[in-house]
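Working notes, structure below.
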Amino acid sequence: SASALASALELEGEVRPDFRANMPKMLASFCRHIAPIVLLQKSVLVILQRLIADSSGKTMGLQEDGGNSLKYAADYRFRIKYTDKINAGSTEDSKQIGQMMHFAITKSPFGPTDKIDVPLRFGIGIDEVTCLINIGIDLDLITKGGSWLTLDFAPDKNKVQGVENLYSFLLENPKLYELLKSNVDKLLV
């Protein structure tokens, strides 16, 4: 998190009302030093920034904490617009198992996009299985009829009730999971 960065002066010194953190300078320096390492290691670097109110009086709305250096250094920029709960089951007493994060991509080589939905499952992280199920439904590999889901890509055309049961079914049957994944890959190429 970029918001957690602090200089040695800030960590060792006392808090004064006239002190202004130099986070934008630290982030700019960090980006210059880390960029070649990220490229050589073929890695992905994720930096989280808080949104803060614009205090300049220019009515620019919410701004990223830490200055403009990351705006220009980043290849991709995402902003979480809102989140929804993901519950196991459909009753009122169902247990929350994660969140659906709704992103807007504000910068990418392909241009901005307003809606990207990513499921985040507690204890797992980004939920690849649920993503794959949603893509399978969108590509007509899985037919949805009410709460029933039919696996049209499977040799036996298995039928499962509910997304959470399909999630468990695919984890218990890794060959079907891999078959769904390969069919999605073929259609998306």
Please identify every one of the chymotrypsin sites (Phe, Trp or Tyr not before Pro) in the stretch 98-170 that sits in a loop by DSSP and has no more than 14 other beta carbons within 10 Å of its own beta carbon.
PHE110, PHE122
Structure-based [θ]222 nm, the chain - -39500 (n - 2.57) summed over DSSP H runs of at least 4, per residue, nearest 500:
-10500 deg cm²/dmol
Amide H proximity to ILE97 below 5 Å, modelled H, separation 5+ or other chain, gives ILE86, ASN87, ALA88
Expressed as a whole percent, how much of the Cα-Cα distance distribution for the chain exceeds 27 Å?
49
Leaving out ligands and nucleic acids, and using a 1.4 Å probe, what accessible area per residue does the stretch 102-189 come to in Å²?
60
Do any GluC sites (Glu not before Pro) in the stretch 72-179 lie in a DSSP loop with no more than 16 other beta carbon atoms within 10 Å, and if so, which?
GLU92
Give the angle, between 0 and 90 degrees and rounded to the nearest 10, that separates the Cα long axis of helix 174-188 from the longest principal axis of the Cα atoms of the chain.
70
Here the stretch 155-163 yields Karplus 3J(HN,Hα) values (6.51, -1.76, 1.60; θ = phi - 60°; whole Hz; Gly and Pro given as x) of x, 8, 6, 4, 10, 10, 9, x, 5
Using 23 Å as the Cα-Cα cut-off, could you pick out the over-long pairs in LYS25/LYS71; LYS71/LYS186; LYS115/LYS157; LYS42/LYS115; LYS81/LYS159; LYS95/LYS181?
LYS71/LYS186; LYS115/LYS157; LYS42/LYS115; LYS81/LYS159; LYS95/LYS181
Distance in nm between VAL38 and PHE169 label points, each 7 Å along Cα→Cβ, equals 4.1
Taking the chain as the reference, fit the longest principal axis to its C-alpha atoms, fit the long axis of helix 23-41 to the helix C-alpha atoms, and give the angle between the two in degrees, 0 to 90, nearest 10.
50
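The values are calculated or read from the model by the stated rules, or taken from the named source; none is laboratory data. None of these values were measured; they are calculated from a predicted model. All Cβ positions, glycine included, derive from the backbone under ideal geometry; neighbour counts span all protein chains shown. All accessible areas refer to the heavy atoms of the entire protein, side chains included, with ligands and DNA or RNA removed. Shrake-Rupley method; radii C 1.70, N 1.55, O 1.52, S 1.80 Å.
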